[in-house]
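Trainee: The structure that follows is given in the form of structure tokens.
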Amino acid sequence: MSRLALGILGSGKGSNCRAILAKIRRGELAADCRLVVSDVADAGILEVAREFGVPDVFLSPGKFRAKLEPEVEQQLVRRLHEAGVELVVLAGFMRVLKSTILQAFPRRIINLHPSLLPKFPGREAWAQALAAGEKVTGCTVHFVDAGVDSGEIIAQREVPILPNDTPATLHERIQLAERELFPAVIAELAAKMATAKS
Ligand code: GAR
């Protein structure tokens, strides 16, 4: 079976990136990660890439807080194309993507979000769920569109909110669920895309 070429983007510590790369290494995911990109120079995710021998790139995001400078987004698309990336995986990438990359990778960009979307889009979704008095939250993998955490949902996993939860303990349990759900969804997409190619 042909292997799906991934490009992983992230801004944080990279625990989800690690889970994906570990699953590939164990031979449980028919994919190759061609590139890891971050908008944060000292993000842990870049270290994770180096540890697994995956090329890593820091792209300085420019003057905006919530999106990439348009030229930087073009640069990102160029890098992903040069690396032969087929599926772009957002693993804790904290900027909204705009039309340049959305048009370059139609239905080929997926995101992981720490809530049961459409509930609690945006930042610190676990803290939002806790503050709202929810009994259950979770995580979602979805296709990325022009909105914020609004694209078509692919899969979700529920995580109960316990009486003594703090934002930190809840986020930790959601992350355990994420590290199972995200690589599993990528494996399913890889199988589907391999069938479509053959
Ligand atoms: C994950 O919990 C992910 O759900 C969240 O960032 C974290 C990244 O952790 N993403 C979002 O909030 C996107 N809106 P990691 O760097 O350890 O993988």
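Trainee: Residues in region 38-46: is at least one part of a helix (DSSP H, G or I), away from the ligand (no atom under 11 Å from the Cβ), charged (D, E, K, R) and open to solvent by less than 20 Å² (accessible area, probe 1.4 Å)?
Mentor: So far as region 38-46 goes, no, none of its residues is part of a helix (DSSP H, G or I), away from the ligand (no atom under 11 Å from the Cβ), charged (D, E, K, R) and open to solvent by less than 20 Å² (accessible area, probe 1.4 Å).
Trainee: I need the full set of residues from region 150-163 which are more than 18 Å from Glu180 (Cβ to Cβ), open to solvent by 50 Å² or more (accessible area, probe 1.4 Å) and at pLDDT 95 or above, in order please.
Mentor: Glu152, Leu162, Pro163
Trainee: When residues of region 132-142 are filtered for being within 14 Å of the ligand (Cβ to nearest atom) and on the phi < 0 side of the Ramachandran plot, how many remain?
Mentor: Number of matching residues: 5.
Trainee: Continuing with the same structure: Restricting region 114-125 to residues that are touching a residue at least 40 places away in the same chain (Cβ under 8 Å) and within 8 Å of the ligand (Cβ to nearest atom), which is most open to solvent (accessible area, probe 1.4 Å)?
Mentor: Glu124
Trainee: Turning to a different aspect of this structure: In region 83-198, which helices (runs of 4 or more DSSP H) lie fully inside it and hold 2 or more residues that are under 14 Å from the mean Cα position of the chain (by Cα)?
Mentor: In region 83-198, the matching helices (runs of 4 or more DSSP H) lie at 167-197.
Trainee: Please determine whether any residue of region 45-60 is under 15 Å from the mean Cα position of the chain (by Cα) and under 23 Å from Gly122 (Cβ atoms).
Mentor: Yes - at least one qualifying residue is present in region 45-60.
Trainee: Are there any pairs, at least 6 apart or on different chains, whose C-beta atoms fall under 7 Å, with the first in region 7-32 and open to solvent by 10 Å² or more (accessible area, probe 1.4 Å) and the second of a type in the set (S, T, N, Q) and more than 8 Å from the ligand (Cβ to nearest atom), and if so, which?
Mentor: Listed by first residue and then by second, the contacts come to Ser11/Ser38.
Trainee: Then there is this: What's the number of the only condition in (1) under 20 Å from Ile45 (Cα atoms); (2) modelled with pLDDT of 95 or more that Arg123 fails to meet?
Mentor: (2)
Trainee: Which residues, taken from region 1-34, are of a type outside the set (A, V, I, L, M, F, W, C) and within 13 Å of the ligand (Cβ to nearest atom)?
Mentor: Gly10, Ser11, Gly12, Lys13, Gly14, Ser15, Asn16, Arg18, listed by residue number.
Trainee: Also, quick follow-up: Which one is least open to solvent (accessible area, probe 1.4 Å) among residues in region 61-113 that are at positive phi and without any contact (Cβ under 8 Å) to a residue 60 or more places away in the chain?
Mentor: Gly62
Trainee: For region 33-67, enumerate the residues that are basic (Lys, Arg) and over 18 Å from Val85 (Cβ atoms).
Mentor: Once the filter is applied, which keeps residues that are basic (Lys, Arg) and over 18 Å from Val85 (Cβ atoms), region 33-67 yields Arg50, Lys63, Arg65, Lys67.
Trainee: Please determine, by comparing only the residues of region 127-149 that are open to solvent by 40 Å² or more (accessible area, probe 1.4 Å) and of a type in the set (A, V, I, L, M, F, W, C), which one is nearest to Ile174 (Cα to Cα).
Mentor: That would be Val136.
Trainee: With surrounded by 15 or more Cβ atoms within 10 Å (Cβ to Cβ) and modelled with pLDDT of 95 or more as the only criterion, which of Ala177, Ala194, Ala168 stands out?
Mentor: Ala177
The values are calculated or read from the model by the stated rules, or taken from the named source; none is laboratory data. A quick note: this is a predicted structure, and the numbers were derived from the prediction, not measured. In this analysis, Cβ positions are derived from the backbone assuming ideal geometry, glycine residues included, and neighbour counts consider all displayed protein chains. Areas reflect the complete protein model, heavy atoms only, side chains present, ligands, DNA and RNA absent. Shrake-Rupley method; radii C 1.70, N 1.55, O 1.52, S 1.80 Å.
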